[in-house]
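Data block below; observations after.
The values are calculated or read from the model by the stated rules, or taken from the named source; none is laboratory data. Being a predicted model, the structure only gives us computed values, none of them experimental. Note that each Cβ is placed from the backbone with ideal geometry, even for glycine, and that neighbours are counted across all protein chains shown.
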C-alpha cells in the first residue's frame, strides 16, 4: 500500500470541554454497536498543558514521510553537515526506516539503515498507530507516563508526526483534516515504524 491506512473515525477527549450534546451519546452507542469503538466523550472541564522537555532519550521505530522533498537530509549535528540523504517513498522501505534514539529541540537523533547515527528535522518523521482491531485506540497523555493526565484517544491506523520521546514514550502530533491537530504523549509500543505494512 502507498500510504498507511486511514481510520474510520477519530474521537478526541478534550479537557477544555465539559459536556457533549444529548444526542451525542446515542450516536456513540450506535457507532459502538457497529464498530466496537468504546465511548470517548469530553471529560470534565480542565486545561492540560503538555510537557515539552528540551531533550530526551528513547528508542522506537519510525520512517520518513516528506512528500514535499525528494530526499530528507541527515546531519552530523543539529544544523550541521549532511552525512546522508534518505529518499522519499523508495521501493526498499529499509532506506527510510530508522530508530529514534532521542531528540533535542526540533531535531531527532536517529540511527539509519546502515548503522550511522545523525540528526533530522522532526517534521519529516512519522509512525503509524497500531490500532489494528475494531475499537482499538491509542491514548494520549500530557506527559511521558501514566501519572500524567489523559488528553484523549486516537482510533484507527493513523499516521502521526514524531516530535520526540522519553523512555518508553513518544511525543507525537496527530493532524486531522477536519478537526485540526493535537499533540501529546503515547506509549512507544503503540507505534509502527514501517511505512508500507503493519507491524507484528
Being surrounded by fewer than 20 Cβ atoms within 10 Å (Cβ to Cβ) and more than 12 Å from the chain's Cα centre (by Cα) is the filter here; which residues of the stretch 157-175 pass it?
167, 168
Could you say whether any residue in the stretch 114-128 is closer than 15 Å to residue 189 by Cβ and buried (at least 16 other Cβ atoms within 10 Å of the Cβ)?
yes
Taking first residues from the stretch 177-189 that are closer than 10 Å to residue 152 by Cα and second residues anywhere that are modelled with pLDDT under 95 and assigned to a strand (DSSP E or B), the pairs with Cβ under 6 Å that are 6 or more apart or on different chains are 184/151
Might you let me know whether the stretch 164-179 holds any residue that is touching a strand residue (DSSP E or B) at 6+ places or on another chain (Cβ under 6 Å), at pLDDT 95 or above and farther than 28 Å from residue 48 by Cα?
no
Just wondering, is there one or more residues in the stretch 130-138 that are crowded, with 20+ Cβ neighbours inside 10 Å, under 30 Å from residue 78 (Cα atoms) and at pLDDT 95 or above?
no
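Being assigned to a strand (DSSP E or B), touching a helix residue (DSSP H, G or I) at 6+ places or on another chain (Cβ under 8 Å) and buried (at least 16 other Cβ atoms within 10 Å of the Cβ): is that true of residue 98 here?
Here the answer is no, as residue 98 does not meet what is asked.
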When the stretch 101-125 is checked residue by residue, the ones that are in contact with a helix residue (DSSP H, G or I) (Cβ under 9 Å, 6 or more places away or on another chain) and assigned to a loop (DSSP other than H, G, I, E, B) are 105, 106, 112, 113
